[in-house]
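Take a look at the structure below.
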Amino acid sequence: MDAAVLNGGFGDAPIDAARAFRAAMQAMARPGTIHEVTGAEPPAPLSTATGVLILTLCDPETGVHLAGGHDCAEVRGWITFHTGAPFVSAEDCDFALGTWEALHPLDRFRIGTAQYPDRSATLIVERAEVRAEGAILTGPGIRDTARLSLPDVAAFRANASRFPLGWDAYFCAANRLAALPRSTQVEG
Amino acid sequence: MTEMTARKDWMSLLAKAPPKALAALWDTRETPDFTWLRAPEIGAAMVRGRMGGTGAPFNMGEMTVTRCSLQLDGGAVGHAYVQGRDKAHAERAALVDALMQTDAADRVRAEVLDPLRADMTERAEARAARAAATKVEFFTLVRGED
């Protein structure tokens, strides 16, 4: 088997995963904050931060959808070896992975139901860079306002408008990650 | 035997081997240099069975399994899934699996796998013999019901 598929997992899984989970949780709890994560070395085109999120959040019970260029043999093999997560269609996925363009159309993803709003997808968006500038964020977890470089303000505004339904998003670039939950109000 | 079934065969042997028996055979050898791909981790696996070996599958119960993957410095990759919670046992099993894919295969087979298989067959036969001694033969008398 290709060594690239087998390499690049957490060196010390309990410690690395706990640190990564803390970063992922803080990013989602405080939208607009940027966290640096380490530990994973996934094959291209996955970034380190995306790899860390996958290793931390995915297991055999979470369906993963790979969009566009991310749907390649190396990425599939790497995710299978390290997490055992099954690959599913966009309509059934718990986690969707890809660039912002590849993830479109966004109405494919689950937004939960009124009884179970948690049965929704989390988008992991691969970006060239994640910076604390651009769109203005307000809402839970933000003291006054925060700023985050979003790919598209209108889509996130529409997503926030159907709260408590909707999907959540992580943005990853190299080893930096930020998040935008559905509860955050976005203004251009 | 094809390459796949041969590997399946020795991985199955290592998975079921008693840790002490493998340790006794292995620890006389020098451990080759390797890197972890997946450090030993303990989990549970659901064992499924079929009634009579042919019926519909049912869940028999969970068993504790330790797994690990490693890569020798030569490039060979070894995997191990062994019963129980012995991480050192999983490491030895993965090393044997990796070495069986290298030039050292014949030596490993002769020095580790064959004695291990003989040992396990002997244990199984001894146990079967003990059980056979307690076997009761039932037979039915004609009851003349007609």
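The values are calculated or read from the model by the stated rules, or taken from the named source; none is laboratory data. Just so you know, these numbers come straight off a predicted model, no measurement behind them. When we count neighbours, we look across all protein chains shown, and the Cβ atoms used for this are built from the backbone with ideal geometry, even at glycine.
Kindly provide the set of residues from the range B:1-20 that are away from chain A (no Cβ under 14 Å), of a type in the set (A, V, I, L, M, F, W, C) and loosely packed, with under 15 Cβ neighbours inside 10 Å, ordered by number.
Passing the criteria: B:M1, B:A6.
Return yes when B:R109 is charged (D, E, K, R) and within 14 Å of chain A (Cβ to nearest Cβ) and no when it is not.
Here the answer is no, as B:R109 does not meet what is asked.
Scan A:R157, A:R182 and give me the residue that is assigned to a helix (DSSP H, G or I) and either surrounded by 14 or more Cβ atoms within 10 Å (Cβ to Cβ) or acidic (D, E) (or both).
Step by step, each of A:R157, A:R182 is checked, and only A:R157 is assigned to a helix (DSSP H, G or I) and either surrounded by 14 or more Cβ atoms within 10 Å (Cβ to Cβ) or acidic (D, E) (or both).
Looking at the range B:76-146, what helices (runs of 4 or more DSSP H) fall wholly within it and have at least 3 residues that are surrounded by fewer than 20 Cβ atoms within 10 Å (Cβ to Cβ) and modelled with pLDDT of 90 or more?
Fully inside the range B:76-146 and qualifying: B:114-133.
To keep it simple, each residue is scored yes or no on (1) touching a residue at least 40 places away in the same chain (Cβ under 8 Å); (2) among the β-branched types (V, I, T).
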site: B:I42; (1), (2): yes, yes
site: B:A118; (1), (2): no, no
site: B:A129; (1), (2): no, no
site: B:V136; (1), (2): no, yes
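So, in the range A:1-25, how many residues would count as being of a type in the set (F, W, Y) and at pLDDT 90 or above?
Residues flagged as of a type in the set (F, W, Y) and at pLDDT 90 or above within the range A:1-25 amount to 1.
Tell me the residue from B:L14, B:L25 that is within 17 Å of the chain's Cα centre (by Cα), modelled with pLDDT of 90 or more, within 28 Å of B:A104 (Cα to Cα) and assigned to a helix (DSSP H, G or I), please.
Matching residue, one of B:L14, B:L25: B:L14.
Can you tell me which residue within the range A:83-117, out of those that are polar (S, T, N, Q) and more than 17 Å from A:Y170 (Cα to Cα), is surrounded by the fewest Cβ atoms within 10 Å (Cβ to Cβ)?
Start the filter on the range A:83-117 by keeping residues that are polar (S, T, N, Q), which leaves A:83, A:89, A:99, A:113, A:115.
Imposing the further condition that a residue be more than 17 Å from A:Y170 (Cα to Cα) reduces the set to A:83, A:89, A:113, A:115.
On the way: A:T83: 18, A:S89: 9, A:T113: 11, A:Q115: 7.
Filtering first and then ranking leaves A:Q115.
For the range B:87-103, check the following and say yes or no: at least one residue is of a type in the set (A, V, I, L, M) and within 14 Å of another protein chain (Cβ to nearest Cβ).
Yes, the conditions are met somewhere in the range B:87-103.
Quick check on my filter: what residues within the range A:158-172 are within 17 Å of A:Q26 (Cα to Cα) and in contact with a Lys or Arg (Cβ under 8 Å, 6 or more places away or on another chain)?
A:D168, A:F171, A:C172
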